[in-house]
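Derivation of every value follows stated rules applied to the coordinates shown; laboratory data play no part. Quick caveat, the model's predicted, so the values are computed rather than measured. Don't worry about glycine lacking a Cβ; one is built from the backbone with ideal geometry, like all the others, and counts go over all protein chains shown.
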Amino acid sequence: MKLSQVHGGNIMWDKEKIQTLLDSNPKAVVKGLLTIYNLQTEFEKDCLATVADNGVGFSAFDAQFLTEMAQRVQKGYTLSLKQFAVTKNKVKRYWRQLANIANAKAPKVIEPTIEKAGYIDLDNLSSSRLSHIEMDLTPDDTW
């Protein structure tokens, strides 16, 4: 993640970043699936359908399949390669919900300040600190 897209002190996730993450990280696909699944109402989870028109969770078109996949994962089963591929393509369509959740939890970018006990060496506060901030932005921490 680059720190180039900062809004109000937060690193912002967008469509491209979410979909790139989902394309490159199988764990992010599963985490995204379960995150959207958890937005479903309990009734929707039980009946494998979308009932509430609340703007979150799965669409009516995807509800049955993605609910079944999420429940399968929660029970500890592994998805087949075909199930995973279809799930990944479907989860990518929920980038906006995932970005909204990630952006709400994104850590603030803190500017260096003078400490009471001393000072911060600005010469040594370079890419190593920034890469540490970037490393903290994993799907496990974000969603």
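Some points to look at:
- Of all residues in the range 52-88 being more than 22 Å from N100 (Cα to Cα) and of a type in the set (A, V, I, L, M, F, W, C), the one that is surrounded by the fewest Cβ atoms within 10 Å (Cβ to Cβ): L81
- Scope the range 26-66; condition within 11 Å of the chain's Cα centre (by Cα) and not basic (K, R); matching residues: A28, V29, V30, G32, L33, L34, T35, I36
- Scan of the range 56-75 for residues that are farther than 13 Å from V30 by Cβ, part of a helix (DSSP H, G or I) and touching a residue at least 24 places away in the same chain (Cβ under 8 Å), ordered by number: F65, T67
- Whichever residue in the range 11-43 is out of contact with any Leu (no Cβ under 8 Å at 6 or more places or on another chain) and of a type in the set (S, T, N, Q) and, among such residues, is surrounded by the fewest Cβ atoms within 10 Å (Cβ to Cβ): S24
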